[in-house]
Amino acid sequence: MTRRVITLPALLPFIVESPVRRHSSRVLYTVAVALAAAAASPGAAFGHAAFVGSSPGPGRRLDASPAQLSLRFTEPLNRRLSTVRLVATDTRRPVAVSVRVPSARRLEVIATAALPRGAYRVEWHTVSTVDGHALEGSYAFGVRARAVGGGQAVEQSPLARDGWLRVLARGALYAFALVLTAALLLPVLTRRARWLVPDALVSEVPVAAVRERQARLTGALAWATVLAAVTATLAEAADAASGFSPVRISDFLLASQAGAARVLVVVLFLGTALLSSRRPRASAALAVLALGAVAASGHASAASPRLPSVASDWLHLVSAGVWLGGIALLVAVWTPTLRGAGRPARLAVAREVLPPFGRVALPAFALVTTTGLVSLITELGHLSALWETGYGRVLAVKIGLVGLVAALSAGHALRLRPRLPAANRNPPERVERRHWRMLRTQPAVGLAVVAAVALLVAFPLPPRQLGEAGEAEAAVAACDPCPLPRPSADELAVADHAGGQLVAVWVRRQPHALIGTVRALDYRGRPSRGPVDVLGAETSSCGPACRRFRAPAGSDVVRVALRDAGRRYVAVLPVRWIRGADGRARRLLVRAQAAMRSLRSVRQLERVTSGPGSNAATHYVLQAPNRLRFATDLGVEDVTIGRVQWQRTPGAPWLHSRYGSGLPFRTRSWFRWIPYARAARLLGTRRDHGHRVATLALMDEATPVWFRLTIDLSTYRVLTERVATKAHFTRTTYGDFDRPQHVRPPEVDRAG
């Protein structure tokens, strides 16, 4: 009944605590960390590559053949598996085109010849690198003609493209895996290696025969789970690859996070099968980790935030294995024996076997319910989707079936079982038969639950993500080109401010010119309203507040001019970097962050502005491991020590409070650049006041935020930092490294 028996962090060390198996615990923990890292890797609000919009748009009538077609999606695409076909509507013949992927979320289609007058249909097939689901759709446009069927269509049926095979394979995987998890995990959770066939039954039933059946069943379940995992993986890979092409299937399985998660499922269940008879505890740990990989390969990896969603699904699967899988295991092992046994044997099993299982099954059911509610909120978005969408209706059926299993469990465990070992030792036969009948019914209902889950997983897009994709389409239409791309391998992305506007540039160096794009964004992240100009360069428009430019090849900086609040501002952005040094830049960043986190103390001066007339300076003092003091030029003061924080404004007394959300402050967490280095470039090295320093440019397009760090190459300490993001521009100087600092509680608090 304690929380420890169903809490994953506490579960793994308990499983592997046996001295015989301690050496394998390192491997198990490594896999667990890998799963957590995969789940925690940066993710956006959309996990599937949902269609956002196109240029030209669906249903458009064009006066001339378009130079190119552009399709935008919400998530990174698997470049090798995402395809587009252009079909002439009247002849149904494909048009010769070339397809390229200029950025992770965009496809471009260029016809090899000008399109003659007529209606055309664009048919696309995409595969998300996040969760691996394939998605198909189409839309139409016309060239000097009306578009036929102009609205966009996205395939939403879970049974499309032989989906029944994927549903069957996933259903088999879930069914076998849940019962296998129960067979391996319940001896650990009940703390009874022979809980299912205890020694106390030796005088009532043929214990040896039942144990032999249990061992055979566990082995068969382990290998059946491996077979189901392989089948499900190949079926989903073939769907993503549009066929059984070994090359394309390997592109899916080996070149993306989604494919790697599916391969990990197979590997972990294979390890489970190989160890199930020799090292049951290590096998149980691998089964738990395999369910984590299953969660990471499903809809949960597509949700935001990803880590809590995957963790919730992981707990949901493990607890469902303990509860539903345990019930199925009980019925499978004991039904053949009890069918021909007398009442004393049946009563003995009810007395010796069912209570220990119930003490674990009850908290497991509570966890199934709690995590199921989390998934419902994550996937539906709004309650009405439960009856308005196909996904919601299948989910409603699943909820009803789980409720039925719960009612049957409560009926036989809480109402009937207490009456079986009655004082007269002869309970009514009808009560006993009804008890066993209710117990035997539950696995059949549980199988229906598994079928519903497999059908849910086969849906390309849950309702919430469909709605978010629609919102994204509307947002893109309103502020195109607001979505910001991650720079390509040969591209530099830097940003600064001009007045209160953020100015970002993406540049590529060619032999005879500097080619790039400039975007100017206001405080909301939308395109600036005024004109934008790149001084000394040839420019052309690429949308609101967006300019493509071509500058001389020898340019070291780009100057971008714009007007803000009636005044003209010029942002000067560096555009020279050391090409091919990205690995070195990332290594420098890792060492710099580690060096700053290892400091005993440091002072920091930060100057921040959001535009003209808004300037503030803040002096910080950090003292390891958990002390911080700062004061602003407006007179605000703060002292933080661990979990305690004191603050005051000018003329007011100190106020005592709890720091942040309750987690203690740590100076190590103050320095955090690596999570924002989705792109890292080395701008160059130079000598500064006798020291050799390097300058790094970092970008995270999801936030979005841009950093420029100056790092002392002798100590790897960060000397200066520039940050540019929406309505927030800072310049920070670090100094007094490891010099004695004293951060103490305010005098008034010590006196009190």
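Criterion first (open to solvent by less than 50 Å² (accessible area, probe 1.4 Å), touching a helix residue (DSSP H, G or I) at 6+ places or on another chain (Cβ under 7 Å) and not polar (S, T, N, Q)) does residue 681 satisfy it?
yes
When you look at residue 576, is it closer than 30 Å to residue 675 by Cα, open to solvent by 30 Å² or more (accessible area, probe 1.4 Å) and touching a helix residue (DSSP H, G or I) at 6+ places or on another chain (Cβ under 7 Å), yes or no?
No: the conditions fail for residue 576.
Looking only at segment 205-217, decide whether some residue is under 19 Å from residue 266 (Cα atoms) and either hydroxyl-bearing (Ser, Thr, Tyr) or not in a helix (DSSP H, G or I) (or both).
no
Among the residues of segment 547-554, is there at least one that is surrounded by 15 or more Cβ atoms within 10 Å (Cβ to Cβ), aliphatic (A, V, I, L, M) and at pLDDT 95 or above?
No, the conditions are met nowhere in segment 547-554.
Answer with yes or no whether residue 244 is on the phi < 0 side of the Ramachandran plot, open to solvent by 60 Å² or more (accessible area, probe 1.4 Å) and modelled with pLDDT under 85.
yes
Matching residues to (1) at pLDDT below 85; (2) out of contact with any helix residue (DSSP H, G or I) (no Cβ under 8 Å at 6 or more places or on another chain); (3) of a type in the set (Asp, Glu):
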site	(1), (2), (3)
100	yes, yes, no
103	yes, yes, no
106	yes, yes, no
113	no, yes, no
117	no, yes, no
124	yes, yes, no
128	yes, no, no
136	yes, yes, yes
160	yes, yes, no
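Here is a check on your reading of the model: is residue 290 within 26 Å of residue 446 (Cα to Cα) and at pLDDT below 85?
no
Could you go through segment 327-350 and let me know if any residue there is in a helix (DSSP H, G or I), under 26 Å from residue 291 (Cβ atoms), of a type in the set (A, V, I, L, M) and open to solvent by 30 Å² or more (accessible area, probe 1.4 Å).
Scanning segment 327-350 turns up at least one residue that is in a helix (DSSP H, G or I), under 26 Å from residue 291 (Cβ atoms), of a type in the set (A, V, I, L, M) and open to solvent by 30 Å² or more (accessible area, probe 1.4 Å).
Does any residue in segment 163-174 that is closer than 10 Å to residue 229 by Cβ come within less than 8 Å, Cβ to Cβ, of a residue that is open to solvent by 20 Å² or more (accessible area, probe 1.4 Å) and modelled with pLDDT of 85 or more six or more places away or on a different chain, and which pairs are these?
169/231; 172/224; 172/231; 173/231
Could you list, in sequence order, all residues of segment 336-364 that are under 37 Å from the mean Cα position of the chain (by Cα) and over 16 Å from residue 195 (Cα atoms)?
362, 363, 364
Output the residues belonging to segment 39-80 that are surrounded by 21 or more Cβ atoms within 10 Å (Cβ to Cβ), at pLDDT below 65 and either in contact with an Asp or Glu (Cβ under 6 Å, 6 or more places away or on another chain) or of a type in the set (A, V, I, L, M, F, W, C) (or both).
Within segment 39-80, 39, 46, 47, 49, 50 meet the criteria.
Within the bounds of segment 654-669, is there any residue that is open to solvent by 30 Å² or more (accessible area, probe 1.4 Å), assigned to a helix (DSSP H, G or I) and not hydroxyl-bearing (Ser, Thr, Tyr)?
Yes - at least one qualifying residue is present in segment 654-669.
Take the residues of segment 487-544 that are of a type in the set (S, T, N, Q) and in a loop (DSSP other than H, G, I, E, B): which is nearest to the chain's Cα centre (by Cα)?
488
I'm trying to understand the selection: among the residues of segment 107-125, which are within 28 Å of residue 239 (Cβ to Cβ) and either of a type in the set (Phe, Trp, Tyr) or open to solvent by 70 Å² or more (accessible area, probe 1.4 Å) (or both)?
Answer for segment 107-125, where residues must be within 28 Å of residue 239 (Cβ to Cβ) and either of a type in the set (Phe, Trp, Tyr) or open to solvent by 70 Å² or more (accessible area, probe 1.4 Å) (or both): 120, 124.
(1) open to solvent by less than 70 Å² (accessible area, probe 1.4 Å); (2) touching a Ser or Thr at 6+ places or on another chain (Cβ under 9 Å); (3) hydroxyl-bearing (Ser, Thr, Tyr): which one isn't true of residue 523, the others all being true?
(1)
Of the numbered conditions (1) free of Cβ contacts under 8 Å to residues at least 24 places away in the same chain; (2) surrounded by 19 or more Cβ atoms within 10 Å (Cβ to Cβ), residue 589 satisfies every one except a single condition; which is it?
Checking residue 589 against (1) free of Cβ contacts under 8 Å to residues at least 24 places away in the same chain; (2) surrounded by 19 or more Cβ atoms within 10 Å (Cβ to Cβ), the one that fails is (1).
The values are calculated or read from the model by the stated rules, or taken from the named source; none is laboratory data. Just so you know, these numbers come straight off a predicted model, no measurement behind them. Virtual Cβ from ideal backbone geometry, glycine too; neighbours counted across all protein chains shown. Side chains included, ligands, DNA and RNA excluded: accessible areas come from the protein's heavy atoms. Shrake-Rupley method; radii C 1.70, N 1.55, O 1.52, S 1.80 Å.
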